[in-house]
2 protein chains.
Amino acid sequence: MARVHEVTDVDDPRVDDFRDLATADRRPDRPGGRGLVIAEGTVVVERLLDSPYPVRALLGVRKRLDALADHLTGVDVPAYEVSADVMSRIVGFHLNRGVLAVADRAHTVDADELISGSRRLAVLEGVGDHENLGALFRNAAALGIDGILLGGGCADPLYRRSIRVSMGHVLRVPFAHLDAWPGGLRTLTEHGYRIAALTPRATAASLRDAGLDQGRVAVLLGSEGPGLAEDTISAADLPVRIPMNPEVDSLNVATAGAIVFHAMSGAR
Amino acid sequence: MARVHEVTDVDDPRVDDFRDLATADRRPDRPGGRGLVIAEGTVVVERLLDSPYPVRALLGVRKRLDALADHLTGVDVPAYEVSADVMSRIVGFHLNRGVLAVADRAHTVDADELISGSRRLAVLEGVGDHENLGALFRNAAALGIDGILLGGGCADPLYRRSIRVSMGHVLRVPFAHLDAWPGGLRTLTEHGYRIAALTPRATAASLRDAGLDQGRVAVLLGSEGPGLAEDTISAADLPVRIPMNPEVDSLNVATAGAIVFHAMSGAR
């Protein structure tokens, strides 16, 4: 059972993990970055507690900690109970979700493991926006994608805003970095994946004709602006497009991803 | 050609339309609301200039007004040129898109007209979030939906944030209010539409089996939390679901809409 401690002093060093949240979750390889994994709100905190990330502590108002009581049984971490006012002074802004948990980063899965243990993968290139990244994880979880490979130029999925937009699914959908890019895509081919590259170009196969619900498939998704690099499209087995009104700017990458993920799923 | 006037005085009454933007776009039926249609950024301003809404004026920094020069030829509205500092003091916050246009609301289309002139429609119930609403318009425009009917409990698509998230497509995709709700759905049936209701319930037909790319189709989409009301689902011809991982909260309504819109489009 989590130990609940009341905290009334904003400067209490026990809650330092939660101080100035806007910087606490900076990546460890950046100046001042600590790289903590931060979950906001009861649903996402529950997912963090259920995840492989080692939880360090919780901070929350009484009502939210009470709502988590079932999840806190059998968890040996301190839970700091604060008033809403003390909470916003610790974190540096008003946070209306009322509860937070922090965890350390943890090794989760290797790219090779993820590739060999999966059937449907999404591979991202240049997705630098944390909200798009989080939304892609949420959509992947909902639509049966087994894991996500991060190619060149992607943002950090464990950044707080990404975790929040993913509804905590960043903590559940396995992901790994593909270090060689785009050369590392060869590992997918070696494991029998067909690699589809999503692109607006007119010569690409229409999604509904591409048969992506058959066999092992990995879909490459690029950022909204420039899309996938030429080299990346060349490294794929087939370019695929979503038929679109030519007068309209491309879809949001997470939305386009959702359409493709649904097409990849054979589920009825 | 738009007449360009330099404005250096924050209190200049000619730019009153742009003052305290956060309130200027409130709906005319709300206290203090003026209901102006406000476009932000060059792309969305261009779409407003191309729309049926009567543009009143533009406000922008030199660089952005210059970028719009082609669009401003043949447009007889004042364009107020300001410094970035004066601009943020007028609008009440820093707006990094650098250009705004305001227009009056205009009668666009009746529900009956929209229904009789279309083949694929989206019908929304309880979509109260402006960003979701805007994203639905963007996705509808991209994926070939002819128009949007607003049923009960929807937010105002012409609110600034909704226009922005739609990338201006709120100004292009025709929409109309269905006053009787859900009784007004009968008009769709009278015009030969099949009405599909998106719901997570297990007994609904799977989207890929529903044949929504055939004939006249209207899809009902509800808000993320409660979904469609029972009465609304009963008024539809067929409940349809997107196969989903049962452990995952539902998809975002605009994302779910995009998946359905793609299925409705026969385009290859």
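Overview of values
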item	result
Extreme residue, surrounded by the fewest Cβ atoms within 10 Å (Cβ to Cβ), among residues of the range B:190-214 that are away from chain A (no Cβ under 14 Å) and touching a residue at least 40 places away in the same chain (Cβ under 8 Å)	B:R201
Tally of residues being assigned to a helix (DSSP H, G or I) and either closer than 15 Å to A:V45 by Cα or not polar (S, T, N, Q) (or both) across the range A:74-99	7
Out of B:L136, B:L114, B:L124, sole residue that is in a strand (DSSP E or B) and either at pLDDT 95 or above or more than 23 Å from B:V15 (Cβ to Cβ) (or both)	B:L124
Residue in the range B:259-267 that is free of Cβ contacts under 8 Å to residues at least 24 places away in the same chain and within 11 Å of chain A (Cβ to nearest Cβ) present	no
Given (1) over 19 Å from B:T255 (Cα atoms); (2) in contact with a strand residue (DSSP E or B) (Cβ under 6 Å, 6 or more places away or on another chain), number of the condition B:L171 does not satisfy	(2)
Filter pass, A:L221 being at pLDDT 95 or above and either surrounded by 20 or more Cβ atoms within 10 Å (Cβ to Cβ) or more than 10 Å from chain B (Cβ to nearest Cβ) (or both)	yes
Close pairs (6 angstrom Cβ cut-off, 6 or more residues apart or separate chains): within 14 Å of chain B (Cβ to nearest Cβ) and of a type outside the set (K, R) in the range A:141-163, surrounded by 22 or more Cβ atoms within 10 Å (Cβ to Cβ) and in a strand (DSSP E or B) anywhere	A:I145/A:R120; A:I145/A:A122; A:D146/A:R120; A:G147/A:L121
Qualifying residue in the range B:106-123 (condition: free of Cβ contacts under 8 Å to residues at least 60 places away in the same chain and in contact with a helix residue (DSSP H, G or I) (Cβ under 7 Å, 6 or more places away or on another chain))	no
Residues located in the range B:239-251, provided they are at the interface with another protein chain (Cβ under 9 Å from one of its Cβ atoms) and either surrounded by 24 or more Cβ atoms within 10 Å (Cβ to Cβ) or within 11 Å of B:L198 (Cβ to Cβ) (or both)	B:I242, B:S250, B:L251
Filtered residue count, the range B:126-161, keeping only those that are open to solvent by 20 Å² or more (accessible area, probe 1.4 Å) and within 23 Å of B:T189 (Cα to Cα)	6
Output for the range A:115-150, where each listed residue is of a type in the set (G, A, S) and within 17 Å of A:R194 (Cβ to Cβ)	A:S116, A:S118, A:A122, A:G144, A:G147
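The values are calculated or read from the model by the stated rules, or taken from the named source; none is laboratory data. All values derive from a computational prediction rather than experimental measurement. Note: ideal-geometry Cβ built from the backbone for every residue, glycine included; neighbour counts use all protein chains shown. Ligands, DNA and RNA are excluded from the accessible area calculation, which covers all protein heavy atoms including side chains. Shrake-Rupley method; radii C 1.70, N 1.55, O 1.52, S 1.80 Å.
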